[in-house]
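Below is one structure; the comments refer to it alone.
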């Protein structure tokens with residue numbers, strides 16, 4: 001049974017350690033990348049690390065990895081900020097997060113590099129390995145404004161896409177300057193048996209890895225050699241059984257956060273397979289033994305197909321003509337073709353023939369420039385130069401050719417995944433990766449039926465959420481008969497198994513709609529209650545979006561969105577009013593496309609709260625049950641919003657539900673007249689908000705006047721002004737209708753006297 005991972009929802013959120021002067025961001029998502037960056041970072045006083053937990057694959061990274069990276073950076077004492085996977089779904093937060101940076105530096109062109117808010121920022125790519133040319137010469141390199149290369153060979157390749165500069169290998173500055181971590185060296189040396197040769201095993205990951213084949217032989221070699229294995233993070237998850245076997249037999253296991261250079265210093269021989277670490281060993285001038293277990297046919301045919309791993313999907317990483325495959329056959333290193341040859345091959349490599357030393361030197365000179373320990377400084381200078389450049393040079397022809405090809409398939413070059421695709425991947429990770437006993441209801445959807453059209457469509461959209469069926473429930477509050485409900489659901493094409501999931505809270509025989517909603521709240525079993533109304537169509541990711549928002553804002557008491565028309569052809573001039581109403585709370589003159597997420601306790605700056613698209617924590621709603629005794633839904637939703645704001649933040653996210661019906665003149669007048677009555681009632685019950693909510697003649701004039709001062713062309717019309725004036729005038733009429741017909745009711749007066757002095761002021 002698919003269950004929800006509470007680890008992903010209820011995880012801790014670590015504190016940032018930001019650099020107040022930061023203008024350059026080094027994007028990191030695995031610990032090993034720190035060693036690629038560190039000798040560049042040390043020369044830039046306006047830089048910091050951005051920990052991107054959504055960068056590599058469009059799935060949520062393991063909780064353990066998050067913990068490991070943060071604790072690792074804390075030990076290193078560097079500046080950093082954290083970008084969580086759930087942050088990817090909040091555009092305004094992303095814009096504010098990255099607005100301080102002028103330049104992003106990374107090893108992959110994924111994740112935050114491709115966000116819309118970063119498309120105009122300078123992009124720098126670092127080379128972290130010399131092998132696997134299919135990954136080095138990738139089309140995504142074209143996104144970069146600058147690529148920093150090891151040597152002339154890389155520059156020739158990278159210059160096909162963009163500007164490239166030779167800086168050397170910054171990771172090896174510590175090697176050439178003899179500044180290796182002596183404490184780490186001493187710790188590892190103490191674990192080795194003196195007098196035994198030391199093998200450093202550096203396997204790659206995926207189907208190119210030799211770990212599974214060599215595990216038995218490595219265990220056998222423990223008696224003759226010291227064996228150190230630096231394991232790629234992917235292997236720690238995908239080949240955990242083999243790793244545990246090696247550790248149990250006495251192999252010293254170094255994980256992803258270990259510095260490679262001290263290990264190279266201690267070892268006598270490097271053992272590898274198809275890893276780019278081969279070239280690190282060549283630069284360190286260490287004897288090398290490599291495996292050659294894969295045929296040319298496999299590399300060029302089978303390996304080219306997309307591979308499925310626990311971490312996600314992977315395309316081809318190497319081929320028979322890639323440099324790490326070519327050097328296996330030119331005599332420059334010892335090659336083994338079956339596991340039993342390891343022992344003898346290691347002994348032969350230790351003797352290190354003159355030919356092998358000469359060949360390593362030739363490869364080193366071909367791939368790497370500079371061994372003066374100043375590569376990090378050169379790289380920092382190039383990054384600084386780029387950040388100061390106003391006009392970038394034009395890209396080479398291959399860049400434009402690739403762009404044209406991509407555009408042919410109608411894919412934007414700076415699109416990271418469409419929102420729905422990202423949500424789908426998130427849901428799979430969230431609900432498919434964890435098996436737990438029992439059933440948990442995360443959401444209770446309460447659908448309020450005010451006898452509008454679209455009953456079947458609304459309920460069906462609630463039933464067809466891309467969300468585990470056992471993780472949410474549906475309760476419909478209606479005055480319709482069961483037969484009418486069943487007929488409407490059958491007409492909409494609902495399946496019987498979905499119909500059986502729905503519960504009804506029927507109000508009739510003198511009961512009010514509010515009492516029906518209160519009954520539905522009492523029936524709710526979910527951790528959070530989502531409200532919507534008949535006449536609205538819920539997007540399939542509605543609940544998933546709420547779940548992401550609660551993960552991003554765990555202290556929020558409620559989260560809600562706005563509404564839009566179902567079809568663009570149904571848009572009318574009256575929709576301007578609703579958009580401006582929402583935009584007014586966000587700071588006047590916002591179009592729906594400009595709406596952004598907010599989280600606050602400020603009544604006049606938070607659009608969340610409308611029952612058409614709103615969710616609350618169940619305990620909050622239960623504490624406010626008396627609110628639902630009001631007859632008007634408009635009054636209920638405002639009072640519940642006020643009740644929540646007194647204790648908790650509310651969050652608005654720009655996630656709309658779609659209105660099925662068309663907003664006509666009569667419906668517009670009727671809605672705003674009713675809202676005027678509701679607002680007057682609220683102001684009577686809660687005098688502290690009267691200054692803001694009560695309709696006035698001044699508001700009827702002020703809002704239309706301010707609306708035409710913006711830049712949006714369609715608001716600069718007398719039509720728009722007329723609609724705004726009409727809407728607020730209807731509210732004003734509703735106010736006076738309420739005053740003359742309701743203010744003298746004894747019950748209302750007693751309730752007012754009872755509530756006086758109870759409520760603290762909402763700021």
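FYI, it's all coordinate maths here, none of it is from the lab. Keep in mind it's a predicted model, so treat the numbers as computed, not measured. Cβ sites come from the backbone with ideal geometry, for glycine too, and all protein chains shown count toward neighbours.
Per-residue Cβ neighbour counts within 10 Å put 599, 196 in the sequence 196, 599, beginning with the fewest.
Using a cutoff of 8 angstrom between alpha carbon atoms and counting only pairs six or more residues apart, the relative contact order for the stretch 178-364 works out to 22 percent.
For the stretch 194-247, the gyration tensor built on C-alpha atoms gives a prolate shape. Its axis ratio a/c (a ≥ b ≥ c) is at least 1.5, and a/b is the larger of a/b and b/c.
Out of the DSSP beta bridges found with both residues in the stretch 178-364, what percent are antiparallel (nearest 5)?
Values: 3 of 20 bridges.
Antiparallel: roughly 15 percent of the beta bridges in the stretch 178-364.
Per-residue packing, averaged as other Cβ atoms within 10 Å, sorts the ranges 322-335, 226-239, 290-303 into the order 226-239, 322-335, 290-303, beginning with the highest.
Only bridges with both residues in the stretch 13-117 count here: give the DSSP antiparallel percent, nearest 5.
Details: 1 of 13 bridges.
Of the beta bridges lying entirely in the stretch 13-117, close to 10 percent run antiparallel.
Between residue 240 and residue 648, the FRET efficiency estimated from the beta carbon spacing at R0 = 56 angstrom works out to 0.85.
Over the stretch 139-182, Cα pairs under 8 Å with separation of 6+ residues give a relative contact order of 36 percent. Compared with the alpha-carbon gap, the fully stretched path from residue 397 to residue 486 is longer by 25.8 nm at 0.36 nm per residue. Were the residues from residue 629 through residue 74 laid out at 0.36 nm apart, the gain over their Cα-Cα distance would be 194.5 nm.
When ranked by the protection proxy of mean other Cβ atoms within 10 Å per residue, highest first, what sequence do the peptides 211-224, 542-555 form?
By packing density, highest mean first, the sequence is 542-555, 211-224.
Go ahead and run the numbers for FRET between residue 372 and residue 45, Cβ-Cβ distance against an R0 of 22 Å, rounding to 0.05. Once rounded, the FRET efficiency stands at 0.45. Here r is the Cβ-Cβ distance between residue 622 and residue 688 and R0 is 30 Å; the resulting FRET efficiency, rounded to 0.05, is 0.80.
Taking 0.36 nm per residue of sequence separation and subtracting the Cα-Cα distance, how much length would be gained by fully extending the chain between residue 739 and residue 572, in nm to one decimal? The partial results should precede the final answer.
Details: separation 167, 0.36 × 167 = 60.12 nm, distance 3.18 nm.
That works out to 56.9 nm of additional length.
Please state the shape class of the stretch 508-665: rounded when a/c is under 1.5, otherwise prolate if a/b exceeds b/c and oblate if not, all from the C-alpha gyration tensor. Verdict is oblate for the stretch 508-665. Name the shape class, rounded, prolate or oblate, that the alpha-carbon gyration tensor gives for the stretch 178-364, where a ≥ b ≥ c are the square roots of its eigenvalues, rounded holds for a/c under 1.5, and otherwise prolate holds if a/b is larger than b/c and oblate otherwise. Oblate shape, in that a/c is at least 1.5 and b/c is the bigger or equal ratio.
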